[in-house]
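The values are calculated or read from the model by the stated rules, or taken from the named source; none is laboratory data. Bear in mind the structure is a predicted one, so any value in this text is a computation, not a measurement. Quick reminder, even Gly has a Cβ in these numbers, built from the backbone with ideal geometry, and neighbours come from all protein chains shown. Side chains are part of the model used for accessible areas, which takes the heavy atoms of the whole protein and leaves out ligands, DNA and RNA. Shrake-Rupley method; radii C 1.70, N 1.55, O 1.52, S 1.80 Å.
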Amino acid sequence: MTLDATERRIIEATQAGLPLSPAPYAEVAAGLGLEEREVIDRLAALQARGVVRRIGIAPNHYALGMVANGMSVWDVEDPAASELGAEVGNLDFVSHCYLRPRALPQWPYNLFAMVHGRSREEVEEKRGRIAALLGAACRQSDILYSTRILKKTGLRIGRQGKA
Amino acid sequence: MTRPLYRPDAVDRRIINDLQEGFPLSPRPFAEAAARLGLGEEELISRLGNLRRRGAITRFGPFIDAAAMGGAFCLCAMAVPRDRFDAVAEQVNAFAEVAHNYERQHSLNMWFVLATERPEQIEAAAQAIEEATGLEVLRFPKLEEFFIGFRVTA
């Protein structure tokens, strides 16, 4: 664990969201018995270290009309997977792209690329572009559309982490 | 958790596009962000409150990278029998380690992400979910990450 006690308290106090008030960091500081300056400086330091990726909003894709959300999965020959994965990840419509272990026999796919669109037709068209890029190195593929968000909270640190 | 479609107006769209990129770390951050957008501080605060209430944004605040803290993420999947789906979703979501959970069209119909502060907690959480549900949890830890940073254009 690379967080000191104060950093941990600041993250615990802000991870569910910043207060929507004119001086949100002062409000967080007051709740923790800290100075506003310290909360701001500590968050800046956490951001510089990469612990905080960014401070901002997470839009709900569905609510914004990006109702088609497909996890495209690909069985790519291992020697080519790393290089091709990087190319797929560079496509501007791919939101996340990872190489993961297969789980044979039920799951032969090792490359995961998330594709969002306003319709399934749009997503299928994008999937076709990934297929063309992978070419013969891809043996089989599938796409798993999401039908419901069951939970979306992000990481929570706190009691569970202290066990 | 399915929400009705919310159609943001032009100002909401600018807010969503701009604040995905980052939020100021300063004593009056809303005033600063609002100035960047040509809005008033009060208007930005009230619009963000509305967007959050309407479900157009799911979170507003710091995004924590579990890996940078020495923690870990793991994508997991389960094949949940149709007639137990909602009950299992409740069991799975009750785990604080479950950061996201999606229903997907496939025989592996439940896909969730475990996020923990220490790597060894992933395995403990996955096992606890198997015990609670009586179902196998397939683990797909990332071997390599190629891209993260996609922004939705509202």
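Averaged over the residues of A:84-95, the number of partner chain Cβ atoms lying within 10 Å of the residue Cβ comes to 3. The translational diffusion coefficient of the protein assembly as shown, from Stokes-Einstein at 10 °C and 1.306 mPa s with a Kirkwood hydrodynamic radius over alpha carbon pairs, comes to 77 µm²/s. For the pair the range B:74-134 and the range A:31-60, the centres of their Cα atoms are 29 angstrom apart. Here the label points at residue B:123 and residue A:12, each 7 Å from Cα along the C-beta direction, are separated by 2.8 nm in the simple model. Full extension of the chain segment joining residue B:105 with residue B:43 gains 18.3 nm, where the gain is 0.36 nm per residue of separation less the Cα-Cα distance. Note that the range B:83-124 presents 41 Å² accessible area per residue, ligands and nucleic acids not counted, probe 1.4 Å. Computed from Cα atoms alone, the Kirkwood hydrodynamic radius reported for the range A:1-99 is 16.9 Å.
Solvent-accessible area lost on pairing B with A (1.4 Å probe, both sides summed) amounts to about 7800 Å².
With the convex hull drawn over the C-alpha atoms of the range A:15-160, the volume per residue is 168 Å³. Charging the Cβ of each Asp and Glu at -1 and of each Lys and Arg at +1, and nothing else, the dipole of the protein assembly as shown about its Cα centre rounds to 620 debye.
In chain B, the longest principal axis of the Cα atoms and the axis of helix B:10-19 are about 60 degrees apart.
For residue A:62, the accessible surface of its heavy atoms amounts to roughly 40 Å² (probe 1.4 Å, protein chains only, rounded to the nearest 10).
Using C-alpha pairs under 8 Å with a sequence gap of at least 6, the mean separation divided by the residue count of chain B gives a relative contact order of 25 percent. Taking the protein heavy atoms of the range B:49-120 in the context of the full set of protein chains, the accessible area attributed to carbon and sulfur is 51 percent at 1.4 Å. In chain A, a dipole from Cβ-located charges (positive for Lys and Arg, negative for Asp and Glu) runs towards its positive end, and of A:45, A:138, A:60 it is A:60 whose Cα lies farthest in that direction. Seen from residue A:146, the other residues with C-beta closer than 13 Å to its C-beta sum to a net charge of +4, counting Lys and Arg as +1 and Asp and Glu as -1.
P(r) for the range B:5-154, from all Cα pairs and a bin width of 10 Å, is 9, 30, 26, 24, 10, 1 %, short bins first.
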